[in-house]
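Notes follow once the structure below has been shown.
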Amino acid sequence: MNIKRKLSFIFVLCLTLISLLSGCSRENENTRDSEEKIILGFSQIGAESAWRKCNSLSIQEAAQESSIQLLFANAEQKQENQIKALRSFIVYQVDVIAFVPIVADGWDNILREARDAGIPVLITDRKINTADENLYAGFIGTDSEQEGREGAEFLIKKFPDGEPVRIVEISGTEGSSPAVGRAAGFREVLADHPEFSIVYSASGDFLRSKGYELMKKVLKEVEDIDVIFSHNDGMTLGIIDAMKEQGIRPGKDIVIVTVDAEQAAIDALKRGEVNCVIECNPKTGPAIMELARKLARGEAISRLQHVDEEVFSEYDDLSDIPPRGY
Ligand code: GYE
């Protein structure tokens with residue numbers, strides 16, 4: 001081979017290598033791109049509690065970490081706002097929709113629209129009632145019935161002597177699955193223990209302010225309260241304020257069972273102002289992103305995934321509970 005032919009051979013070889021390599025890297029980029037380009041439309045219900053704020057943050061941080069483009073809509077406690085958000089995600093043709101249904105009923109029409117548009121839907125935190133379970137791909141979140149059962153189990157341990165026990169229940173948002181589930185699980189366990197009676201039950205809408213107002217009313221209207229079963233810590237903090245204003249010692253004069261395990265509730269438990277805290281885990285962001293990726297790839301996900309939850313009570317060693325972060 002003369003020098004000229006040798007050079008042109010090397011030149012062609014280089015070109016081939018470059019194009020092969022760049023082809024490769026383009027292919028890599030494409031794969032990475034398609035991983036990166038997932039768009040997730042997420043409808044959150046609002047910011048009613050510290051629990052909820054942590055839940056939103058977990059979702060936003062996890063999306064950023066896994067390079068999922070998140071369209072995050074805050075419905076400010078209105079189902080109609082959620083439906084509008086879901087509809088806009090459909091118009092936008094996102095890859096996956098996820099949402100926290102504020103109440104359990106009333107989703108079938110919008111879910112049909114999502115199905116017709118070929119967009120898979122993940123339900124998280126709160127469950128829905130539907131005529132057609134195939135309208136969504138799966139659920140990830142809390143086991144509310146179990147949380148209610150845990151609350152009742154604690155009371156059975158706390159009041160072992162069979163004397164009558166009068167319970168006031170301050171429940172969460174009416175028609176929401178955690179309020180329905182916590183109430184049902186609680187009653188299911190107490191059904192075998194007739195000494196316990198729920199003498200009053202009303203909704204505080206998962207809000208600290210409503211918990212406070214409701215407790216002021218309850219303390220005027222209901223006599224001889226032994227126990228408060230509060231569906232979330234936000235309301236519990238309001239309940240404690242109302243009790244203290246009346247000179248009632250929370251956790252001593254009235255036993256308090258609460259759900260969520262915010263730092264403030266754990267601190268109250270340590271001070272003896274609350275007797276039992278049932279954890280509800282808000283940090284579902286990473287699991288939601290993983291499920292969204294699977295759905296975007298067209299893979300099936302499990303229909304029901306409950307998150308791990310613990311119970312903390314006055315019977316436990318409370319010295320080594322790690323900071324809660326919410
Ligand atoms: O317990 C409460 C809230 O849906 C499980 O919503 C959630 C509940 C949580 O704001 O604090």
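Read-outs throughout are calculated quantities, based only on the coordinates presented, and are distinct from any laboratory measurement. These numbers were taken from a predicted model, which means no experiment stands behind them. Every residue, glycine among them, receives a Cβ derived from its backbone with ideal geometry; neighbour counts consider all protein chains shown.
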Residues in region 215-258 near a label at residue 166, defined as backbone nitrogen under 14 Å from the 7 Å Cα→Cβ point? 218-228, 254-255
In whole Hz, what ³J(HN,Hα) sequence does region 277-282 give by Karplus (6.51, -1.76, 1.60; θ = phi - 60°), x for Gly and Pro? 10, 9, 6, 10, 8, x
Binned at 20 Å from zero, the C-alpha pair distances of the chain give percents of 29, 45, 17, 6, 3, 0
Region 131-183 and region 276-325: distance between their alpha carbon centers, rounded to Å: 17
Cα axis of helix 233-245 to longest principal axis of the chain: angle in degrees, 0 to 90, nearest 10? 30
Among 234, 138, 162, which one moves the most in a GNM of the chain with springs linking Cα atoms closer than 10 Å? 162
Please list the non-local residues whose amide H lies under 5 Å from the amide H of residue 206, H modeled 1.01 Å from N, same-chain partners needing a gap of 5 or more. 173
Determine Rg/Rh for region 144-280; Rg is computed over alpha-carbon atoms and Rh is the Kirkwood hydrodynamic estimate from the same atoms. 0.92
Cβ crowding within 10 Å averaged over residues, with 185-193, 40-48, 315-323 ranked highest first: 40-48, 185-193, 315-323
Per residue of region 187-198, what does 6.51 cos²θ - 1.76 cosθ + 1.60 with θ = phi - 60° give for ³J(HN,Hα)? Whole Hz please, x for Gly and Pro, Karplus curve as stated. 5, 4, 6, 6, 4, 8, 10, x, 5, 8, 10, 8
Taking the square root of 5 times each eigenvalue of the Cα gyration tensor, what semi-axes in Å does the equivalent ellipsoid of region 143-206 have, largest first? 21, 13, 8
I'd like the FRET efficiency for residue 88 and residue 302, computed as 1/(1 + (r/R0)^6) with the beta carbon distance as r and R0 of 30 Å, rounded to 0.05. 0.60
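Given the Cα-Cα distance of residue 77 and residue 314 and 0.36 nm per residue of separation, how much length would full extension add, in nm?
Separation in residues times 0.36 nm, less the Cα-Cα distance, equals 81.9 nm.
Going by C-beta contacts inside 10 Å, put 254, 278, 198 in order with the fewest on the left.
Going from least to most buried by this count: 198, 254, 278.
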Which far-off residues, 5 or more places away or on another chain, put their amide H under 5 Å from the one on residue 201, with H placed in the peptide plane? 169
With everything on Cα atoms, drop me the angle between helix 79-92 and the longest principal axis of the chain, reported from 0 to 90° to the nearest 10. 10
State the antiparallel share, in %, of DSSP beta bridges confined to the chain, rounding to the nearest 5. 5
The relative contact order of the chain, taking Cα pairs under 8 Å that sit 6 or more residues apart, comes to a percentage of 17
Taking amide H positions as placed 1.01 Å from N in the peptide plane, with prolines and chain starts having none, which residues 5 or more places from residue 196, or on another chain, fall under 5 Å of its amide H? 165
